[in-house]
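Throughout, read-outs are computed from the coordinates displayed, never taken from laboratory work. The structure displayed is predicted, hence computed values, not measured ones. Cβ placement follows ideal geometry from the backbone for every residue including glycine, while neighbour counts extend to all protein chains displayed.
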């Protein structure tokens with residue numbers, strides 16, 4: 001993975017969340033009071049101006065129609081899922097490829113959980129400095145661990161991070177799988193499947209047809225060209241019909257696999273908000289079926 005490219009995707013996702021904060025409260029999908037402190041002073045200042053927010057949204061949508069909606073809706077779904085899992089008894093939250101994720105600092109229940117964030121050292125260094133500037137210090141229950149999926153073992157990385165393999169855990173893997181090799185994806189799923197039964201796995205994936213440049217989704221191939229040019233090519237994808245069997249290989253049971261239609265029904269239609277959501281990416285919730293010990 002190209003470091004600069006992956007760092008820019010983390011910033012892009014965070015900027016989308018910042019723009020959403022200017023949405024009227026009644027139709028705002030997520031509340032993120034921390035993100036403004038992570039995007040940097042220039043972006044934070046620019047996004048205060050409505051015409052610049054509109055320009056940023058037009059640029060985002062010109063890359064892929066529904067990209068903004070996909071980012072915001074998946075964030076809301078994952079927020080809800082993490083909160084529910086912690087309320088249901090999970091004691092740990094592990095965020096893989098955390099980028100500028102702010103959930104440990106804003107979601108209910110995270111303050112009572114052991115939290116581990118894993119990401120590339122270059123991304124994590126920037127995040128640490130900005131979090132300390134916003135919060136004063138990293139909370140005692142949060143550990144930041146440098147990590148690269150393509151070259152390191154998740155088990156080894158967590159071993160020195162106060163991770164307790166006997167505690168129910170929420171594993172959050174958002175916006176990452178498309179950037180790493182299939183063997184790294186499979187190694188990570190294998191690790192999940194060997195943890196405590198009932199643990200929750202949340203992940204996103206890009207459609208394989210998009211990665212293979214054979215999708216009929218408008219602008220999908222153009223999106224592939226753009227991410228490659230930006231130094232963060234998409235190299236792994238799945239199709240929805242493949243997901244349940246892949247998860248079963250690793251002792252994981254699919255609970256939900258959601259995309260545009262689900263987001264419209266769950267979040268957008270109830271508040272009367274019209275927002276395009278790309279079908280390029282989907283979000284999966286799964287559980288560890290049993291304890292393999």
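Based on C-alpha pairs under 8 angstrom that are at least 6 apart in sequence, the chain has a relative contact order of 22 percent.
Could you give the distance between the Cα centres of the range 49-71 and the range 218-293, to the whole Å? What the calculation gives is 20 Å, centre to centre. Note on the range 30-109: Cα Rg divided by 2.2 N^0.38 Å, N the number of residues, gives 1.28.
The Rg/Rh ratio of the range 83-152, with both radii computed over alpha carbons and Rh defined as the Kirkwood radius, is 0.97.
With equal scatterers on the alpha carbons only and no solvent term, can you work out the Debye log10 of I(q)/I(0) for the range 72-228 at 0.09, 0.12, 0.13, 0.19 1/Å? Relative scattering, expressed as log10 I(q)/I(0), comes to -0.31, -0.55, -0.64, -1.27. For the range 245-293, relative contact order (Cα pairs under 8 Å, six or more residues apart, normalised by length) works out to 55 percent. A simple spin-label model places the labels of residue 122 and residue 108 4.0 nm from each other, with each point 7 Å out along Cα-to-Cβ. A Förster distance of 22 Å, applied to the separation of the beta-carbon atoms of residue 276 and residue 132, puts the FRET efficiency at 0.05.
Placing pseudo-labels 7 Å out from each Cα toward the beta carbon at residue 222 and residue 167 gives an inter-label distance of 4.7 nm. All distinct Cα pairs of the range 184-223 go into the 1/r average, and the inverse of that average, the Kirkwood radius, is 12.5 Å.
Considered as an equivalent ellipsoid built on the Cα gyration tensor, the range 3-288 has semi-axes of 26, 23, 19 Å, the largest given first. The relative contact order of the range 79-148 comes to 32 percent, based on Cα pairs under 8 Å that sit 6 or more residues apart. Full extension of the chain between residue 153 and residue 229 gives 24.5 nm of extra length, using 0.36 nm per residue less the Cα-Cα distance. Mind telling me which of 102, 83, 27 comes out most flexible in a GNM of the chain, alpha-carbon contacts under 10 Å? Ranking 102, 83, 27 by mean-square fluctuation puts 27 first. Rounded to 0.05, the FRET efficiency of the residue 289 and residue 58 pair, given R0 = 41 Å and the Cβ-Cβ distance, is 0.35. Modelled spin-label separation between residue 249 and residue 265, with each label point placed 7 Å from Cα along the Cα-to-Cβ direction: 2.9 nm.
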